[in-house]
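Read-outs: derived from the displayed coordinates by stated rules, not from any lab. Quantities reported herein were computed from a predicted structural model and do not represent experimental measurements. Here the Cβ positions follow ideal geometry from the backbone for every residue, glycine too, while neighbour counts run over all protein chains shown.
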Amino acid sequence: MISHGKDMKVFSGNANVGLAKDICKLIGIQLGNAEIGHFADGEVCASIYESVRGSDVFLVQSTSRPVNDNLMELLVMIDAMKRASAGRVTAVIPYFGYARQDRKAKARDPISAKLVANMLVAAGADRVLTMDLHAAQIQGFFDIPVDNLLGEDMVVVSPDVGSVARARAFAQKLHMNLAIVDKRRQKANQCEVMNVIGDVDGKDCILFDDMVDTGGSLCNAAKAIVEVGGAKNVYACASHGVLSGPAIERINNSNITELAFLDTIAPIDPSLSGKIKYLTVAPMFAEAIERIYQEISVSKLWL
C-alpha cells in the first residue's frame with residue numbers, strides 16, 4: 001500500500017531537461033509544469049504552475065556545470081515543493097556535483113560533499129536518487145534515504161588505483177583479467193602515468209571510470225596501455241561526461257577509439273567529437289522512480 005502522495009509528479013531544472021522528458025515518456029506521464037529562471041541580478045527563482053499538494057514529487061536535476069547555479073536551482077525547487085505541501089520530495093540527481101570533495105586530503109580542506117548533503121536535507125528533500133557516486137561513503141553523509149544506481153556496464157582496465165574496486169568487481173563477474181594504470185598525480189587535474197600493472201599486450205582494452213572531467217587521467221591511461229603495455233585498441237566508458245576545459249581536444253587527439261558516456265549530464269554537440277557517444281539512463285531512472293513511488297525495492301536495479 002502506498003502510504004504517501006496521492007499521485008506522482010516529475011519536474012525538471014534546467015540542467016538536463018531532455019533526460020527528464022525521456023524519463024516521463026517512459027513512465028507515461030507529462031513533465032510537470034514549472035519554470036526555473038533568474039532575476040536580473042542572477043538569483044534563482046522558481047514558478048510552479050500546477051498543484052503538488054499531497055503529491056509524490058521527483059525533481060530531476062544534475063548538479064553539473066554551471067554547478068552552483070544548478071545546485072541552487074535544485075535547492076529552490078525543493079523549497080518551493082515543500083512550501084506547496086508536496087507529500088514527499090525526491091531529489092533525482094543523475095550527476096552529483098562536489099562528490100570528489102568527500103574527505104580532507106590536506107589540512108583545512110572542506111568536505112563539500114557533506115555540506116551539499118546538509119543543504120539538500122535542510123531545503124526539505126525527503127530522499128535522494130543518484131547514479132555512480134564518486135565515493136560510496138557519500139551515502140552516509142545524508143540522514144535521509146539515498147539510492148545510488150550503478151551505471152557501469154564494461155570494465156577491463158582501471159585508469160587509476162582509485163577505480164580498482166569498481167573494476168575488480170566487474171572483472172570477477174565476467175571472469176576477466178584486471179589491469180591497472182598506476183599514476184602519480186602532481187597537482188589537481190594533472191597526472192603522470194608511471195606503469196601498467198597487468199597484461200594488456202596485443203589486447204583490446206576497455207577503460208572505465210566514474211567521470212571524465214578535463215580528460216587528463218583517461219587519455220594518459222590510454223596512452224600508457226598502448227605505449228607501455230602494448231595494447232591493440234583502447235575503448236573507454238564513463239558514467240559522467242563533465243568535459244571541462246581541454247577535455248574534448250584531448251579525447252580527439254588520444255589513443256581512444258571510442259568513448260561512451262551516460263547522459264547523466266546533457267550531451268555535447270556531436271560535431272565536437274566523433275569519438276564520443278551517449279547511452280541514455282532514462283529507462284533506469286524511470287524504473288527507479290516508479291519503484292520508489294510504489295514503495296517496492298530499488299536494489300533489484302543493481303543486483
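Numbers at a glance
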{"item": "Within the stretch 1-146: Cβ-based charge dipole about Cα centre, in debye rounded to nearest 20 (Lys, Arg +1; Asp, Glu -1)", "result": "400"}
{"item": "Within the stretch 232-256: backbone nitrogen closer than 12 Å to the residue 271 label point (7 Å, Cα to C-beta)", "result": "none"}
{"item": "Whole-Hz couplings from phi, Karplus 6.51/-1.76/1.60, listed for the stretch 260-276; x for Gly and Pro", "result": "9, 10, 8, 8, 5, 10, 3, x, 6, 4, x, 5, 6, 7, x, 8, 8"}
{"item": "Cβ-derived FRET efficiency at R0 30 Å, residue 136 paired with residue 108, nearest 0.05", "result": "0.75"}
{"item": "Computed label-point distance, nm, for sites residue 33 and residue 14 using a 7 Å Cα→Cβ extension", "result": "2.2"}
{"item": "Relative contact order [Cα under 8 Å, 6+ residues apart], the stretch 1-69, whole percent", "result": "44"}
{"item": "For the chain, the longest site-free run once GluC sites (Glu not before Pro) in DSSP loop states with at most 16 other Cβ atoms within 10 Å are removed", "result": "51-294"}
{"item": "With Cα atoms, 0 to 90° folded angle of helix 17-27 axis to the chain main axis", "result": "70"}
{"item": "Share antiparallel - DSSP beta bridges, the chain, percent rounded to 5", "result": "25"}
{"item": "Across 232/300; 277/300; 114/275, pairs whose alpha-carbon gap is larger than 30 Å", "result": "232/300; 114/275"}
{"item": "Label of the coordinate-derived value, Rg and Dmax of the Cα atoms in Å, listed as [x] 20.1, 64; [y] 23.7, 86; [z] 20.1, 61", "result": "[z]"}
{"item": "Rh by Kirkwood over Cα pairs, then Stokes-Einstein D for the stretch 92-131 at 1.002 mPa s and 20 °C, µm²/s", "result": "195"}
{"item": "Which of 293, 95, 196, positive extreme of dipole for the chain (C-beta unit charges)", "result": "196"}
{"item": "Set of aspartates and glutamates with alpha-carbon distance to residue 25 below 13 Å, sequence-local pairs under 8 removed", "result": "287, 290"}
